[in-house]
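Visitor: Below you'll find the structure I mean.
The values are calculated or read from the model by the stated rules, or taken from the named source; none is laboratory data. Here the structure is a predicted model, which is why all the values come from computation and not from measurement. A quick note on method: Cβ atoms are made from the backbone with ideal geometry, for glycine too, and the neighbour counts reach across all protein chains shown.
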Amino acid sequence: MPRLGRALPYIYVAPFLAYILITWIAPVAITIYMAFTECRWTVTRMRFIGLENFIRIFTRDIYAVDAIYVTAIYVSSVLVINAFFSLILAIFVTYFVGNETIASAIRLAWLIPRITPAVIYALMWRWFIDPRIGPLNAMLKALGLPAPSDWLLTLPYSRLLMIAVNGYVGASFGMIIYSAAVVSIPKDLFYAAKVDGASDFQICRHIILPLLKWHIFFVTSWQALSLLSSYEHILALWAGAGTARAAGVEVWALYAYSKAFYTSDYGYGAALSVFLVAIGIIFILFFFKVFGFERMMQPSRVEV
């Protein structure tokens with residue numbers, strides 16, 4: 001019985017550990033190994049080739065360079081919407097909008113894309129930008145502005161569409177996190193600041209923003225990593241990797257997916273994925289440095 005008692009905790013966590021091993025650790029290990037192999041059409045025939053796939057990325061693959069450029073535009077532009085515009089929106093809705101009904105309606109309008117399936121969301125955008133029956137071109141023409149004949153395939157409109165589609169989805173995540181954080185701030189701080197003559201802008205700058213530093217760090221890091229690896233809305237809206245490439249919106253994650261599952265070049269697709277993970281790690285280290293993670297982890301000097 002004493003032995004069983006010592007083993008009981010391990011028995012309880014064994015199913016969870018087995019799940020993690022099968023669904024996460026094993027696929028990661030297999031992907032890393034495949035990145036150093038030539039593996040086409042079937043995973044049963046893999047030939048170890050060392051760093052050849054990674055050399056190919058930087059020396060012989062012209063589409064990889066385009067994918068890096070598009071990914072840089074995609075991540076930087078959408079991150080501004082997801083991490084910083086959502087912060088402005090959350091502060092506006094939570095602090096400035098006094099009517100809770102109006103505030104809830106605004107939150108709902110930004111939350112709907114998050115809970116809508118990607119395919120349905122893409123179909124809604126296809127209707128919205130349709131050059132014949134879509135309301136977007138009709139509004140542009142009514143305002144006397146140029147209306148593209150094809151939003152999906154015409155640069156730079158296709159990239160603007162890519163940013164808008166993914167930004168609308170991602171902003172809701174940050175808005176939820178930030179709104180919950182602003183609501184949790186004691187109202188006494190706001191009242192005391194107003195008694196001292198502080199304006200709403202000063203309250204936002206000197207009270208709200210400093211108290212949201214952890215939330216800004218989390219949302220920025222999470223969204224950056226999410227954008228690096230996300231492609232489902234691009235794939236659904238442009239109906240395939242080939243069309244996305246022609247439209248100039250093929251990001252790195254979609255390129256890796258297309259190499260592995262469209263052309264069955266599993267080894268090279270795995271190498272592209274491993275390189276993407278390395279970029280993600282660099283992003284994390286960069287955010288740790290920018291946000292002063294070590295300083296944020298230090299205990300408060302104020303004794304309560």
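Visitor: Checking the condition of a type in the set (A, V, I, L, M), buried (at least 17 other Cβ atoms within 10 Å of the Cβ) and outside any helix (DSSP H, G or I), which residue from L152, L161 passes?
Guide: L152
Visitor: Oh, and also: For the condition buried (at least 16 other Cβ atoms within 10 Å of the Cβ), aliphatic (A, V, I, L, M) and closer than 24 Å to Y74 by Cβ, what is the one hit in A198, A247?
Guide: Of the residues listed, the single one that is buried (at least 16 other Cβ atoms within 10 Å of the Cβ), aliphatic (A, V, I, L, M) and closer than 24 Å to Y74 by Cβ is A247.
Visitor: Of all the residues that make up region 3-35, how many are closer than 19 Å to A270 by Cβ and assigned to a helix (DSSP H, G or I)?
Guide: The qualifying residues number 13.
Rundown of residues vs (1) assigned by TED's automatic domain parsing to the domain that holds G174; (2) out of contact with any Gly (no Cβ under 6 Å at 6 or more places or on another chain); (3) at pLDDT 85 or above; (4) assigned to a loop (DSSP other than H, G, I, E, B), yes/no style:
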{"residue": "T42", "(1), (2), (3), (4)": "no, yes, no, yes"}
{"residue": "R56", "(1), (2), (3), (4)": "no, yes, yes, no"}
{"residue": "V78", "(1), (2), (3), (4)": "yes, no, yes, no"}
{"residue": "N82", "(1), (2), (3), (4)": "yes, no, yes, no"}
{"residue": "S86", "(1), (2), (3), (4)": "yes, no, yes, no"}
{"residue": "V93", "(1), (2), (3), (4)": "yes, yes, yes, no"}
{"residue": "A103", "(1), (2), (3), (4)": "yes, yes, no, no"}
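Visitor: Has region 223-238 got at least one residue that is outside any helix (DSSP H, G or I) and surrounded by fewer than 18 Cβ atoms within 10 Å (Cβ to Cβ)?
Guide: no
Visitor: Does P131 satisfy the criteria of being within 19 Å of G248 (Cα to Cα) and either in a loop (DSSP other than H, G, I, E, B) or under 19 Å from the mean Cα position of the chain (by Cα) (or both)?
Guide: The answer is no for P131.
Visitor: Same structure again: Within region 29-88, work out how many residues are under 28 Å from the mean Cα position of the chain (by Cα) and among the polar types (S, T, N, Q).
Guide: Matching residues across region 29-88 total 7.
Visitor: Here's a check for you: in region 250-266, which residue that is hydroxyl-bearing (S, T, Y) and within 21 Å of the chain's Cα centre (by Cα) is surrounded by the fewest Cβ atoms within 10 Å (Cβ to Cβ)?
Guide: The residue in question is Y257.
Visitor: Working only within region 134-149, note down all residues that are surrounded by 13 or more Cβ atoms within 10 Å (Cβ to Cβ) and either among the polar types (S, T, N, Q) or part of a loop (DSSP other than H, G, I, E, B) (or both).
Guide: G134, N137, A147, P148
Visitor: Next question, about the same structure. Given the conditions (1) farther than 21 Å from I32 by Cβ; (2) modelled with pLDDT of 85 or more; (3) charged (D, E, K, R), and given that D265 satisfies all but one, which numbered condition is not satisfied?
Guide: (1)
Visitor: Which residues, counting only those in region 180-217, are more than 24 Å from the chain's Cα centre (by Cα), of a type outside the set (S, T, Y) and either in a loop (DSSP other than H, G, I, E, B) or closer than 18 Å to N82 by Cα (or both)?
Guide: I185, P186, D196, G197, A198
Visitor: Looking at (1) without any contact (Cβ under 8 Å) to a residue 12 or more places away in the chain; (2) over 21 Å from W252 (Cα atoms); (3) surrounded by 12 or more Cβ atoms within 10 Å (Cβ to Cβ), which one does I49 not meet, given that it meets all the others?
Guide: Of everything listed in (1) without any contact (Cβ under 8 Å) to a residue 12 or more places away in the chain; (2) over 21 Å from W252 (Cα atoms); (3) surrounded by 12 or more Cβ atoms within 10 Å (Cβ to Cβ), I49 misses just condition (1).
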